[in-house]
1. Name the residue that is nearest to the other protein chains (Cβ to nearest Cβ), counting only residues in region B:146-188 that are touching a strand residue (DSSP E or B) at 6+ places or on another chain (Cβ under 7 Å), closer than 26 Å to B:Gly119 by Cβ and assigned to a helix (DSSP H, G or I).
2. Can you work out which of the residues in region A:262-279 that are within 26 Å of the chain's Cα centre (by Cα) and more than 10 Å from chain B (Cβ to nearest Cβ) is surrounded by the fewest Cβ atoms within 10 Å (Cβ to Cβ)?
3. What is the one condition in (1) touching a residue at least 12 places away in the same chain (Cβ under 8 Å); (2) away from chain A (no Cβ under 14 Å) that B:Glu384 does not satisfy?
4. If we scan region A:158-172, do we find a residue that is within 22 Å of B:Ile323 (Cβ to Cβ), touching an Asp or Glu at 6+ places or on another chain (Cβ under 9 Å), open to solvent by less than 40 Å² (accessible area, probe 1.4 Å) and within 13 Å of another protein chain (Cβ to nearest Cβ)?
5. Any idea how many residues of region A:47-99 are among the aromatic types (Phe, Trp, Tyr) and either open to solvent by less than 10 Å² (accessible area, probe 1.4 Å) or more than 30 Å from A:Asn272 (Cα to Cα) (or both)?
6. Looking only at region A:435-459, count how many residues are over 16 Å from A:Asp333 (Cβ atoms) and part of a loop (DSSP other than H, G, I, E, B).
7. Name the residues in region B:355-367 that are open to solvent by less than 10 Å² (accessible area, probe 1.4 Å) and out of contact with any strand residue (DSSP E or B) (no Cβ under 7 Å at 6 or more places or on another chain), would you?
Amino acid sequence: MKFRVLLCLFPALLAAQSLQEFEKKVTEFTLPNGLHFLIIERHEAPVVSFHTYVNVGSVDDPGGRTGLAHMFEHMAFKGTPTIGTKNWPLEKKSMDAIEVVYDKIDAEKRKGFQADPKKIDAIEVELKAAIAKADSYVDENAYDRIVESNGGVGMNASTAEDSTNYFYSFPSNRIELWFLLESSRFLQPVFREFYKEREVVREERRMRVESSPQGRLVEALLATAFEAHPYRNMPGGWASDIDNFRRPEAEQFYKQYYTPGNITIGIAGDVNPAEARRMAEKYFGRLPRGPLPPYVRTIEPAQEGEKRVAVSSPSEPFLAVAYKRPDQYSKDDAVLDVLSDILSDGRTGLIYKEMVRDKKIALAAGSQATFPSGKYPSLFLFFVAPSTGHTIDENEKALYAIIERVKKEKVTAETIARVKTKLRASLIRKLDSNSGLASELCSYAVNYGDWKRLFTELEDYDHVTADDIVRVAKKYLIPTTRTIAYTYIPEGGAK
Amino acid sequence: VTRRIAIALMIAAGAFGQTRPAAAPSPVPSYKDLKYPPLKQVKIPEPAQFTLANGMRVFLLEDHELPLIQGLALIRTGNLFDPPDKRGLSEVMAEVLRTGGTKAKTGDQIDEQLENIAGSVESSMDESSASMSFSALKESSDQVLGTFKDLMTQPEFRQDKIDLLISQLHSSIERRNDDPQSIPDRELMSILYGRDNSYGWTIEHEHLNHIHREDLIQFYRRYYFPKNIMLAVYGDFSTAAMKDRLEKLFADWHVDQPAVPPFPPVTAKAASGIYLAEKPDVTQTFFAIGELGGTLRDKDYPALQVAADILGGGFTSRLVSEIRTKLGYAYQIYASWAANYDHPGTFRMGGSTKSASTTETLQAINVELEKVRTTEVTPLELNEAKESVLNSFVFFFDSPAKTLSRVMRYEYYGYPKDFLFTYQKAIEGVTREDVLRVAKEHFRPENLTFVAVGNPKGFGKPLASLGKVNPIDLTIPEAGAPSGKSDPATVARGHELLKRAQNALGGAEKLASVKDSTQVLEMAAQGGMKIKQSNRYLAPGYFRQDQELPFGKITAYTDGKMGWLSTPQGFMPMPAPVLKQAQGEVFRNLPHVMLADRDPSLEVTATGENAVEISSQDGERVTIEFDASTGLPASETYQQPGAAAKIEETFSDWRDVEGLKMPFKMTLLQNGKPAGELTVQGYKLNSGLKVEELSKRP
């Protein structure tokens, strides 16, 4: 067995070496207003990737305004008083005029059953005209145009439960342009074309959730598993909330959460840290320090029994089984990661081997240790696509049999060593892309207070034993905290 | 709390927020005034290139940033070489090459051994290339490379892994309509390239049932040999040492095969129009619009890139501006000139919109398309589109792996080394006139095919207001059930009819003695054209047809699995639809089809008082009507692949040929309309035909 011990030791050394080597490349600083920067030098090619990680996500959406964090993310591409307008004073005036008309609609709507639909229709016509007027001053997509024509690539953004991310890459001679553009959009974002973009956001929900059997299944799973905590809402929000967003609400959200202390920026590539710092001070120093944003107060109450939800869908079936688990700061976090890899990583995962390869009852089956996100107590998720001719029921039973086995029988030393080796190798493979590095370092810095955790979490993995796996499986993978969601073909609904 | 009060509260909170101390204003320039230093010179690494003793081409590139070694091999084959009745064969072969293990180790053993050292070896099949890749930590790279080589040179294709994959593919077919996003592109490709060839067809249950281990082995043997492989390796090694390692690693692999023929040409002529697949469970309509396009080599490719980019290439394009930003109709909307290395690609547009705005969105796309092909783009648009390409050019070189894979791909498809720089120069030179000209020439509304997938009940304006709507049936065909009802009685009756015909023709033994036959005839096609034709058959499946047409000679040859065509335009591998036709000819050759009851792989069932249907597991099917008084075959009815036509061939003028009765006149009906007459000048049986003779190129 000597050979195997050697095998697990050597990557541990490798990771320690990597961290020492890697630390030399990283420069970290915080501006007086609280904005945190991570600069990673990689001079292989004259390109740079930028990642802005904002510590706000759909968990921060106000009640009745689910999807607002995501809505703001879309507005962050609409420009500033100088970018995206043909005449800012007139545009601003006409944007404010829209709100006056919209207030009239809301005033009528709040009458509830006494509201007059004809009156609302009439004001809607007025609203359309007001919007058209404001739009006439817009220089469409000017912000994107500047980025693209200067050679920016991969520009996009994403809103998740716990974070909002903005990212793209430039040739390294355009670094200052990025500083100017990025600081301006968070200093003075203009929420132009808000009500058109609301429609776009609504289309995004139709595409990702409403028209996808898996999207609808996950939405139902989350809404069932969580009763109070905002993880119960998909980041995109609910349809009627989106349909009724108002611009002042989004502006208010921005003011509360987009304060410099809530933002971390990663810059990776052919960049000089001293110059980056100078430019950071010049451009991002303009952002006023703000009060600390509110925090999420709701704590999900303990689940006291299994829950099931069936989603009607004229498609081949899907099954999701989720167990409650603690947040990512729990001592069991690393054990749960290792457990998930043992169950489903690669072609050696237990679930794959048994359900997909040997019994052939599933086309695909896997697990995810942390779902939908990790800052708050979340779910350990199993996801199964049954093979043709095999049922949800059959797969559910097979899955439980594997889970029960993991609780009883210790996994072999070879299995556990394999997972640890793979976790180390996957870290090394993450280090070869500017955009990946910028994003990973931000994420670790915000979530754990130190980017080095990206490397040092391997120590936690190293300490995981076969006994830990049994203990954790017994503790968390229990029927009383389980939620099962599955699709079924509606009666008379042909596939 | 009503919404209004909530807003009032928020505004108050906002006012509170503004009491923060104002930041000291520091002047920043406008983005227009920024000056950019020149971009540093890009270091473009030069991969080492050499050929191993066994003929394998190798490309090496050192990259010492991380302790990793990775590789990619390209094998000259592709799913374009799938036989028509075994669609999916190459894909199954590639996957089981990895999962089926080697002679020495099962795939499961390899899975464990590789994952123990966090290494990987994968194998996959694309349209016009197959690939095998590996990734290893430097320290365990010997073991990973060894496994890579063993899988490449000695795959075992174990049956259990073939069965597993085939059952998974059956499941995937059942799931293929569940995600509406993937449907429009798939259906568009089928319409543009044709459903009867590998560019456009989809794999059905029936085809999977025809794939056997022996097919995988044959496919593998035909294409996986050193001279047909290019291997690129990059990572933390020294070039000299790696060269040495590879020489030694592959020293014992010396198999060889004839050069692989070119990929079949695209022969389809697309049927433009509007197509709708109904899907009741969606709130959006997903659509794809397109027509056949060109290759990367085309002179106009750079201008077309710019034109498509301005139309729908990014967040700043016209489609995004109009349909997403201004109308709010779509989250995703795009246009692209998708050119291929070696065969015509597509000009394509696509996106999705809520059901209610389906027709309006398609109309808005038409308007934008019309604009770009009738009016010059603005100087600003042209400039920004060009700047975008030129300024981001450096990203082609931002990792050694990208450079290496590009160098190998250019080599694979026969592109010049400096192709990328020629492209860069060409982009610089694109003018507004160029953009207008190529848009007019290549974005042709009259050629466009629209495919929409959605719920028409939710459409606002009906789709029919744009033109005739052709339905697409998404029903997934069940695995090949014969069309005739097969029960003991019909089978018995079918065999009876066949036996009677065998006797009428001269006896079963006499028919069975025919090993080869030659038929010389003249065909009078509808419209007066006369064609001289000679058909030669040699058991079990060889066939050669020589035709003399007014514009030249056409010769077709097949060995039953693949073949070639020789035409006045040149020599080429037999395209799939033609191969399918030839296989039909062989199958229906009288001495063969009349002995169907002797071949257990063929099904014979009576479909009427004097009719039988004969079908093979490979999907061949013919219905034969017998003359009630003589018992001789009176006519054959069959589908002509590639033409969506039903052919009815009537036999007459039966004469004696060396003890057998053979027809000397055949009349053809295509979909019920006269299509031609064939007059046979003579037959020769068992004249001792040789494969060499049949396969000899003219």
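The values are calculated or read from the model by the stated rules, or taken from the named source; none is laboratory data. Please read all numbers here as calculations on a predicted model, not as lab measurements. Cβ placement follows ideal geometry from the backbone for every residue including glycine, while neighbour counts extend to all protein chains displayed. The accessibility values were calculated without ligands, DNA or RNA, using every heavy atom of the protein model including side chains. Shrake-Rupley method; radii C 1.70, N 1.55, O 1.52, S 1.80 Å.
1. B:Gln168
2. So the residue we want is A:Asn262.
3. The one condition B:Glu384 does not meet is (2).
4. No - not one qualifying residue is present in region A:158-172.
5. So the count comes out to 3.
6. Total meeting the criteria: 2.
7. Answer for region B:355-367, where residues must be open to solvent by less than 10 Å² (accessible area, probe 1.4 Å) and out of contact with any strand residue (DSSP E or B) (no Cβ under 7 Å at 6 or more places or on another chain): B:Ser357, B:Thr359.
Rundown of residues vs (1) more than 9 Å from chain B (Cβ to nearest Cβ); (2) out of contact with any Lys or Arg (no Cβ under 8 Å at 6 or more places or on another chain); (3) open to solvent by 10 Å² or more (accessible area, probe 1.4 Å); (4) at pLDDT below 95, yes/no style:
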residue	(1), (2), (3), (4)
A:Arg174	no, yes, yes, no
A:Leu177	no, yes, no, no
A:Ser183	no, no, no, no
A:Gln188	yes, yes, yes, no
A:Val201	no, yes, no, no
A:Glu210	no, no, yes, yes
A:Leu217	yes, yes, no, no
